1. What order do you get for 381-389, 309-317, 128-136, 16-24 when each peptide is scored by the mean count of other beta carbon atoms within 10 Å, highest first?
2. Set the bar at 19 Å for Cα to Cα. Now go through Lys216/Lys412; Lys216/Lys237; Lys52/Lys134; Lys237/Lys412; Lys52/Lys137 and name every pair that lies beyond it.
3. How much length is gained if the chain between Leu22 and Asn80 is pulled fully straight, taking 0.36 nm per residue apart and subtracting their Cα-Cα distance, in nm to one decimal?
4. Full extension from Ser346 to Val292: what is 0.36 nm times the residue separation minus their Cα-Cα distance, to one decimal in nm?
5. Pull out the extension gain between Lys420 and Ala154, defined as 0.36 nm times the separation in residues minus the alpha carbon to alpha carbon distance; nm, one decimal.
6. What distance in nm separates the simple spin-label points at Glu144 and Ser217, each placed 7 Å from Cα in the Cβ direction?
7. Through the Karplus equation 6.51 cos²θ - 1.76 cosθ + 1.60, θ set to phi - 60°, convert the phi angles of the stretch 324-340 into ³J(HN,Hα) values in whole Hz; use x for Gly and Pro.
8. Considering the stretch 51-160, what Rg and Dmax in Å follow from its alpha-carbon atoms?
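Every number in this text was worked out from the coordinates using simple rules, so none of it is lab data. Fair warning: this is a prediction, and the values are worked out from it, not measured in the lab. Positions of Cβ are generated from backbone atoms using ideal geometry, with glycine treated the same way; all protein chains shown enter the neighbour counts.
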Amino acid sequence: MSTLSLIIQREYATRVRKKSFLLLTILMPFIIVGMIGGTLFLSQIKDTEVKKILVIDDTRKYAQHFQNFDNYVFETTHNNPDNAKQQIGGEIFGFLQINTDLVNNPQAVTFLSEKQIPLDLERYLRLTLGEVIKHEKLNIFSSESDIDPNAIAAIRNITESPNPVKINTVRLDADGLEKETSTGLATGLAWVTTLLMYMFIFSYGTMVMQGVIEEKSNRIVEVMISSVKPFDLMMGKIIGICLVGLTQLVIWIVMSLVLMYAATNAFVPEMNTGELSTYISMLPSVNWLQIVIFFFLFFLGGYLMYAALFAMFGSAVDNPQDSQQFVMPLTLVFIFALYAGIYSVSNPDGPLAFWCSMIPLTSPVVMMVRIPFGVPLWEVFVSFAILAVTALAVVKLAAKVYRVGILMYGKKPSLTELYKWVKYK
């Protein structure tokens, strides 16, 4: 058995046997499902506290349009604002004051309360007053233009009627066959795959650096380097930790799917109706094989590139504090990749999404946003080819620095010093 295989086995076995790995691997799916279930459960709990809103309407035109909803109660008062202010804080949540005709001055509305106005209440006030203003403007237009009031009433009915249109999205595959799709489902898949890619590449990449620094600071590497080539030592650590990440990822995916399926059928059978049932019915239309294959390919390429960089920087320093000067730029680049992926969800074929999916430092994250929406295969293959070539070049570069830095102590090298190490024969 080669020394590289032995190092890979050592790195893998050492980490998967740790209690922290076992606990995190087993508990994380329960935590994820618990957070999702808890969020859904808490979202169904309504606030039972009645919030009374005093309405001071100097125009006497708007107060009657406010209807009680949920736990908000509207009460018209003719008190002056100073008296209304004194009542705030007890059973009075706040007061709404309308000073003048909103058709001429739509800014003449003030809401005063001790607490920040809730978003649902603010939305209700804006929509209600907006509808009243719109009706007033239609009446003014009718009278000034001598239009039949019945025609205006008909226009109101048309504009206020619900929109019955539902767009069925259909895509043509490479063979010209039609396939029903869902933008919401594609967006959800893009979010999940992107966040998983970001989390696993960065967390396990930094784990490589921490392992290198730990072995270097404990002087263990001095013993190992006497019988193992530096390149084998670096690649063994990178590959071993990669296998740990893949093991954890597979376990998380399987357990999360099983737990979510069990929880959905046991506690919320009514979720299989309405819009969610539409998403569930479209799951078979997703090309899962393509998503899974490209996810693992881009994960391997991105992880190999970033892990080699982390291993290179870890070998150049003696403690984690000294590594910050090298890690910070990589962290900023990776955060940029995440934000580029987030913004690319709304326009997966835009210039930002396209170029960031081609640049190797950002392509593992951004390309996983685009794939669920349908990307020409040539773009995916070109992106992965660039990533693979870059990763191999980075590994070669990192190995040259690693062979020198792993035995260097007591000095914090600069980027210029690292460049000199690369040129050593």
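1. Details: 381-389: 16.9, 309-317: 26.9, 128-136: 15.0, 16-24: 11.0.
By packing density, highest mean first, the sequence is 309-317, 381-389, 128-136, 16-24.
2. Numbers: Lys216/Lys412 14 Å; Lys216/Lys237 13 Å; Lys52/Lys134 27 Å; Lys237/Lys412 23 Å; Lys52/Lys137 30 Å.
The answer is Lys52/Lys134; Lys237/Lys412; Lys52/Lys137.
3. Details: separation 58, 0.36 × 58 = 20.88 nm, distance 6.58 nm.
Contour length minus Cα-Cα distance gives 14.3 nm.
4. Numbers: separation 54, 0.36 × 54 = 19.44 nm, distance 2.22 nm.
Full extension of this stretch gives 17.2 nm more.
5. Working: separation 266, 0.36 × 266 = 95.76 nm, distance 8.04 nm.
Working it through step by step, the gained length comes to 87.7 nm.
6. 7.5
7. Listing the rounded values in order: 4, 5, 9, 6, 4, x, 5, 4, 5, 4, 5, 5, 4, 4, 5, 5, 4 Hz.
8. According to the Cα coordinates of the stretch 51-160, Rg and Dmax are 15.9, 50 Å.
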